[in-house]
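Data first, discussion second: the structure below is written as structure tokens.
No lab work stands behind these numbers, since they all come straight from the coordinates. Values in this document were obtained by computation on a predicted structure and should not be read as measured data. Note that each Cβ is placed from the backbone with ideal geometry, even for glycine, and that neighbours are counted across all protein chains shown.
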Amino acid sequence: MRALITGGAGFIGSHLVDALVARGDECTVLDDLSRGSRDNLLHHADRVTLVEGSVTDQDLVEDLAPDFDAIYHLASVVGVKSTIADPARVIEVAVTGTANLLRSAAPDASFLVASSSEIYGRSVATPFDEQTPGLLGPPQAARWSYAHAKACMEHLALASGSTARRPASVIRYFNVFGPRMPRSVDPSVITLFLDAAQAGQDLVIYGDGSQTRSFVFVQDAVDGTIAACERGSGAVVNLGGPQETSIADLAEQILSTTSSNSTVQRIALPAALGLTSEEPHRRSATGVLAAELLDWKPQTSLNEGLKTTWSSWPA
């Protein structure tokens, strides 16, 4: 099997490459390295081809994409701060990149688009299933450019089924965590907490810490990604779980995992970040469709995943 992984030098993408290489697939990664790193692929030496470039480069994509049996499209501009800083780039990469790949892929290639739980926006109808209507903020709030961009990617993927090509699959990642999470560019809450615990600094919670998320270990997310690409043709599937973990509980679990003497500090969400009234309070998924269609459910508990992540955390 020849597989193209866009964004394959990034956090989730590089773990996906690990799994595909381990089963014998011939992997090519297309990544502009704006967020990903060559270091994430070095352990594969000559077994993976890295093409440094953007999915928005039409000529490059047209030359590259037709040669693959499977395309995993993970490339995206991610992170709240990044979306606020350059929403136009978020939209461009999502829409132009996805359209380029869908036009250029071989008609019989399996094609997967990585979307996000951000698609549900501020909906309070938790836990979310795949038919839950999203409640996105207005375009005037740049924070929502990522969610709108992901919605466009999903529309493009699902519309591909009306053409002569094989219908694409869509997965919606919830809060994926694990080794190789980026630390310097728009770090996740788990990254921030682990770094703080390691340094003996306060774990800062914005607000009262009651906001919840559904955390999914990266290897579980990768297993679901491969299953969706192979068996989820034309479907949209959540890769999350029904367990909601509050940010306050997450902080306590990280203090326990790291045996840190750090303390938790709660402060008001800085209005300067433009997030005060825009952050969803709860996020979780039913996981029913993933279990039925893909035979998938998370296998790694938050506690186990945190221990594995911490054991590989750079000093």
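Tabulated values for the structure
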item: Cβ-based exposure ranking for S169, S82, S145, in which fewest neighbours within 10 Å come first; result: S82, S145, S169
item: Computed lengthening from A291 to A141, 0.36 nm per intervening residue step minus Cα-Cα distance; result: 50.5 nm
item: Hydrodynamic radius (Kirkwood) for the stretch 113-226, which is based on Cα pairs only, to one decimal in Å; result: 16.4
item: Dipole moment magnitude, nearest 20 debye, the stretch 65-209 about Cα centre, only Lys, Arg, Asp, Glu C-beta charged; result: 200
item: Whole-number percent relative contact order across the chain, with pairs defined as alpha carbons under 8 Å at least 6 apart; result: 17
item: Likely footprinting exposure, W310, W144, fewest C-beta neighbours within 10 Å first; result: W310, W144
item: Distance (nanometres) between label positions extended 7 Å along Cα→Cβ at E26 and D208; result: 5.8
item: From the C-alpha gyration tensor of the chain, square roots of 5λ in Å; result: 30, 22, 19
item: Prolate/oblate/rounded label for the stretch 110-173 (Cα gyration tensor, a/c 1.5); result: prolate
item: Positive-end residue of T212, L156, P182, charge dipole of the stretch 155-223 with Cβ unit charges; result: L156
item: D (Stokes-Einstein, µm²/s), Kirkwood Cα radius, the stretch 188-253, 0.890 mPa s at 25 °C; result: 176
item: Contour minus Cα-Cα distance for R2 and H281 (0.36 nm per residue); result: 96.4 nm
item: Net charge over other residues, Cβ less than 14 angstrom from the Cβ of T286 (K, R count +1; D, E count -1); result: 0
item: Fluctuation leader among S188, S162, S246 - the chain, Gaussian network, Cα springs under 10 angstrom; result: S162
